[in-house]
1. Of the residues A:42, A:56, only one is in a loop (DSSP other than H, G, I, E, B), free of Cβ contacts under 8 Å to residues at least 12 places away in the same chain and not hydrophobic (A, V, I, L, M, F, W, C); which?
2. Of all residues being of a type in the set (Gly, Ala, Ser) and outside any loop (DSSP other than H, G, I, E, B) in region A:59-73, which is surrounded by the fewest Cβ atoms within 10 Å (Cβ to Cβ)? Just the residue, please.
3. Let me confirm something: among B:66, B:24, B:19, B:4, which residue is closer than 23 Å to residue A:102 by Cβ and crowded, with 18+ Cβ neighbours inside 10 Å?
4. Condition test on residue A:28, is it over 25 Å from residue B:6 (Cα atoms), touching a residue at least 12 places away in the same chain (Cβ under 8 Å) and either within 14 Å of chain B (Cβ to nearest Cβ) or among the polar types (S, T, N, Q) (or both)?
5. Tally up the residues in region A:74-92 that are at pLDDT below 95 and surrounded by fewer than 17 Cβ atoms within 10 Å (Cβ to Cβ), please.
6. Report yes if some residue within region A:2-19 is more than 10 Å from chain B (Cβ to nearest Cβ) and among the basic types (Lys, Arg); otherwise report no.
7. Suppose the filter is within 11 Å of chain B (Cβ to nearest Cβ) and of a type outside the set (S, T, N, Q); does residue A:87 pass it?
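The values are calculated or read from the model by the stated rules, or taken from the named source; none is laboratory data. Since we're looking at a predicted model, the values are computed, not measured. Glycine gets a Cβ as well: all are built from the backbone with ideal geometry, and neighbour counts include every protein chain shown.
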Amino acid sequence: QKEVEQDPGPLSVPEGAIVSLNCTYSNSAFQYFMWYRQYSRKGPELLMYTYSSGNKEDGRFTAQVDKSSKYISLFIRDSQPSDSATYLCAMVYGNNRLAFGKGNQVVVIP
Amino acid sequence: DVKVTQSSRYLVKRTGEKVFLECVQDMDHENMFWYRQDPGLGLRLIYFSYDVKMKEKGDIPEGYSVSREKKERFSLILESASTNQTSMYLCASRYPPGQGLPRSSNYGYTFGSGTRLTVV
């Protein structure tokens, strides 16, 4: 089973706010977790990746993994209009393929 | 930076036409993938290839075929285009996990910019 649940509802936030995005999964075999960012009319680009439970920071971005709850999160601090994009979570499953969430559209309002 | 180039950004084809979507990567990646992306359905894997002349079906291969004669090029073929194949098509490539970049990162794919195909 490779389903990844991600609430696709658009999320609008004012500039400077914290953006919080989540994905859940049911297959405990998922080991590696990633977040992709996709701008309009572009392909997804790898934003962050992590393996272990806990937090990983990269600038204004924090990826959080809770394997016991099968829950991953992405936080964007001090959000900017340039962060407006669709964010997809992804996880590695059998044969090293990726299972993607459906994506979450974020709009940061200046 | 790795570059994955898809030959067309936008295509309009007629029902029944044979359609070729081309993808080229410049970083000697063994693995290449074709996805389609539709609103509400996300990314769905059509076909993938672990190496030259190798191919495997993904989750939605019906109505599609692929060709990988050279390492850098992976082509998606719509044998007889239908309106339900109107979609955004994305090509991706990567090293096999365990090579190159730190292991936990090279599961990640590098995507092309996509081809938006409309079948009328």
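1. Details: A:56 fails: in a loop (DSSP other than H, G, I, E, B).
Just a single option satisfies the conditions, and that option is A:42.
2. Of all residues in region A:59-73, those of a type in the set (Gly, Ala, Ser) come to A:59, A:63, A:68-69, A:73.
Among the residues that remain, those that are also outside any loop (DSSP other than H, G, I, E, B) are: A:63, A:73.
Values: A:63: 22, A:73: 16.
Restricting to residues being of a type in the set (Gly, Ala, Ser) and outside any loop (DSSP other than H, G, I, E, B), the top hit is A:73.
3. Details: B:66 fails: closer than 23 Å to residue A:102 by Cβ; B:24 fails: closer than 23 Å to residue A:102 by Cβ; B:19 fails: closer than 23 Å to residue A:102 by Cβ.
After ruling out the rest, the residue left standing is B:4.
4. It is true that residue A:28 is over 25 Å from residue B:6 (Cα atoms), touching a residue at least 12 places away in the same chain (Cβ under 8 Å) and either within 14 Å of chain B (Cβ to nearest Cβ) or among the polar types (S, T, N, Q) (or both).
5. The qualifying residues number 0.
6. To start, the set of residues in region A:2-19 that are more than 10 Å from chain B (Cβ to nearest Cβ) comprises A:3, A:5, A:7, A:9-19.
Of the ones still in play, those that are also among the basic types (Lys, Arg) are none.
No, that holds for no residue.
7. On the way: within 11 Å of chain B (Cβ to nearest Cβ): no; of a type outside the set (S, T, N, Q): yes.
For residue A:87, the condition - within 11 Å of chain B (Cβ to nearest Cβ) and of a type outside the set (S, T, N, Q) - is not met.
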